[in-house]
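Comments concern the structure below.
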Amino acid sequence: MGLNLTILGCDGSYPGPEGACSGYLVRGGGVTLWLDAGSGTMANLQRHVGLTDVDAVVLSHEHPDHWTDLEAFFVACAYVIGRSGVPVYAPAGLERLTHENTVPAFDWCTVASGDAVRIGGLDLSFSRTDHGPETLAVRVDGGGRSLGYSADSGPGWSLAELGTGLHLALCEATYLRDSEGKAHHMSARQAGLSGRAAAVERLVLTHRWPTVPAEAAWNEGSEAFGAEVTIAELHREYEV
């Protein structure tokens with residue numbers, strides 16, 4: 001297996017009915033990564049892998065819809081399944097937001113824009129986006145395939161910052177064109193333009209507000225991208 005992506009949560013900012021916030025399962029290179037851990041994603045993760053199968057957690061930034069299920073994962077690791085030293089890669093300062101001292105269950109590893117780390121057979125690199133707190137987009141390379149994840153960003157950052165040759169990119173598309181500038185995020189149109197500028201092979205739109213119709217986001221994103229985009233759906237799997 002080269003590189004596999006599973007959607008654990010794709011709602012933007014808050015979960016809609018039966019939804020979950022940002023979270024993705026990345027498997028390849030002999031490892032399993034939990035990329036962002038928004039509310040609802042831990043329950044969904046367990047439909048695909050066991051909690052003991054998670055080799056590392058990667059968090060993009062400190063906004064709650066991207067990390068708070070880490071609290072439940074800590075409880076499971078510390079008191080139920082007896083795990084320690086699970087690597088958690090995150091921007092500086094996120095660890096202080098947890099309610100308890102999560103060491104030794106977690107081994108916190110600070111990452112910043114421009115950093116590169118290797119986890120098993122996967123290479124990860126980070127780029128700071130156009131968002132409020134320090135927010136890191138992630139590129140994952142493994143098995144000859146490349147995955148990009150925008151995390152949260154306004155239009156002042158582009159997927160092109162992750163480099164060329166992205167076979168699949170997850171890009172936030174929080175709302176539609178008529179709401180551009182409403183918050184520090186991208187519309188489906190802006191996400192499509194970002195994917196087009198980066199010459200992404202396949203573009204998957206994620207982090208859509210539950211009130212935004214999927215069909216409208218698909219139409220707007222596809223027109224800007226110049227090809228059909230995909231709207232992220234819970235539990236959908238992709239071979240990168």
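The values are calculated or read from the model by the stated rules, or taken from the named source; none is laboratory data. Only a predicted model underlies this, so the values are computations on that prediction, with no experimental measurement involved. FYI the Cβ positions are ideal-geometry reconstructions off the backbone, even for glycines, and counts take in every protein chain you see. The protein model used for the area step is the full one, side chains on, heavy atoms only, and it has no ligands, DNA or RNA in it. Shrake-Rupley method; radii C 1.70, N 1.55, O 1.52, S 1.80 Å.
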What FRET efficiency comes out for ALA216 versus LYS182 if R0 is 25 angstrom and r is the Cβ-Cβ distance? Round to the nearest 0.05.
0.95
Ratio of Rg to Rh over the chain (Cα coordinates, Kirkwood Rh, two decimals)
0.94
If each part is reduced to its alpha-carbon centroid, the range 146-201 and the range 20-42 end up apart, in Å, by 19
Using a 1.4 Å probe and ignoring any ligands, DNA or RNA, find the accessible area of PHE74 and quote it in Å² to the nearest 10.
10
Place the peptides 34-45, 152-163 in order of packing, highest mean first, counting for every residue the other Cβ atoms within 10 Å and averaging per peptide.
34-45, 152-163
Over the range 27-142, what relative contact order in percent results from Cα pairs under 8 Å that are six or more residues apart?
25
Using a 1.4 angstrom probe with every protein chain in place, what is the largest-first accessible-area order of ARG202, ARG27?
ARG202, ARG27
Dipole of the chain, positive end: most advanced residue of ALA43, LEU122, HIS184 [Cβ charges, Cα centre]:
LEU122
DSSP bridge pairs, the range 11-155: antiparallel proportion in percent, nearest 5
70
Restricting to Cα pairs below 8 Å that are 6+ residues apart, what does the relative contact order work out to for the chain? Please round to a whole percent.
18
Helix axis angle, 188-197 relative to the chain longest principal axis, alpha carbon, degrees:
90
HN-Hα couplings for the range 2-10 via Karplus (6.51, -1.76, 1.60; θ = phi - 60°), in whole Hz with x for Gly/Pro, come out as x, 8, 10, 10, 10, 7, 9, x, 9
Kindly give Rg over Rh for the range 1-115, based on alpha-carbon atoms, with the Kirkwood expression for the hydrodynamic radius.
0.94
Rounded to the nearest 5, the percent of antiparallel DSSP beta bridges in the range 17-78 equals 65
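If you place +1 on the Cβ of every Lys and Arg, -1 on the Cβ of every Asp and Glu, and leave all else neutral, what size is the dipole of the chain about its Cα centre, to the nearest 20 Debye? Could you put the intermediate results ahead of the total?
On the way: 15 positive and 30 negative charges, 60 e Å.
In debye, rounded to 20, the chain gives about 280.
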Residue-averaged [θ]222 nm for the chain, counting only DSSP H segments that reach four residues, each worth -39500 (n - 2.57):
-4000 deg cm²/dmol
